[in-house]
Amino acid sequence: MSEGWSREEVEAAVAVYFDMLVRELSGVSYNKAEHNRDLQNLVPQRTRGSIERKHQNISAVLIEIGYPYIDGYKPLGNYQELLRFVVENRLTGAVALNKAAEDVVERPVETAPKVLNILSILVPPPTNSLLLGKKKPNPHAPSRWINLSERQRSVGGRVFEEHQVQTLFQPEGERGNQSPALLAARK
């Protein structure tokens with residue numbers, strides 16, 4: 001179904017999402033798949049994936065207005081305006097959600113462990129296995145590197161000539177910053 005979500009469908013999705021968010025902020029376990037199935041019963045014309053994306057859209061709205069969101073539903077933009085309207089309206093009356101969010105904000109901050117020598121946790125950078133010869137490149141993968149000599153041949157050696165033409169048309173005051181090789185090539 002490619003039609004936009006109706007007001008009733010959006011209201012149901014936001015209600016289910018807010019229920020899960022209250023639980024997450026309160027530290028109460030919940031099952032996202034079970035909530036998704038419950039919502040599918042309320043909006044049977046929507047698929048599991050469609051509901052997942054709508055929940056990601058709700059996360060995007062919440063993060064844009066500075067509100068916490070469900071960690072398992074990473075923000076997905078490009079949502080319908082109706083969704084933002086419903087989320088904002090429901091937040092004003094969501095007493096349990098607002099209380100849970102306030103409690104999270106007011107929790108004392110855990111103290112960070114003291115590190116006497118920050119360099120003691122230094123680790124070497126990861127290595128690229130292709131550079132070390134441990135892994136063979138895929139011969140069927142498209143190359144993402146441009147071989148400059150091939151590129152120069154493919155455009156008839158015009159890479160340098162284009163640069164020459166550009167420098168010839170620079171205003172007189174800007175020509176002083178040219179390399180000696182370019183100046184010699186112009187003469």
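Every number here is computed from the coordinates shown, using simple stated rules; none is lab data. Computed from a prediction, not measured in an experiment: that's the story for all the values here. In this analysis, Cβ positions are derived from the backbone assuming ideal geometry, glycine residues included, and neighbour counts consider all displayed protein chains.
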- Note to self: C-alpha centroids of the stretch 81-128 and the stretch 4-25 sit apart, in Å, by 21
- Item | Sites Val123 and Tyr30 - FRET efficiency at Förster radius 41 Å, r taken between beta-carbons, to 0.05 | 0.70
- Note on the structure: With no solvent term and unit scatterers on the alpha-carbon positions of the stretch 7-106, Debye gives log₁₀ I(q)/I(0) at q = 0.10, 0.16 Å⁻¹ of -0.23, -0.62
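Between Glu11 and Glu110, what FRET efficiency comes out of the Förster formula 1/(1 + (r/R0)^6) with R0 = 41 Å and r the beta carbon distance, rounded to 0.05? The partial results should precede the final answer.
Numbers: r = 37 Å, r/R0 = 0.91.
With R0 = 41 Å, the Cβ-Cβ based efficiency is 0.65.
Longer than 20 Å from Cα to Cα, which of Lys54/Lys99; Lys32/Lys74; Lys54/Lys74 are they? Say none if no pair is.
On the way: Lys54/Lys99 24 Å; Lys32/Lys74 13 Å; Lys54/Lys74 11 Å.
Pairs exceeding the cut-off: Lys54/Lys99.
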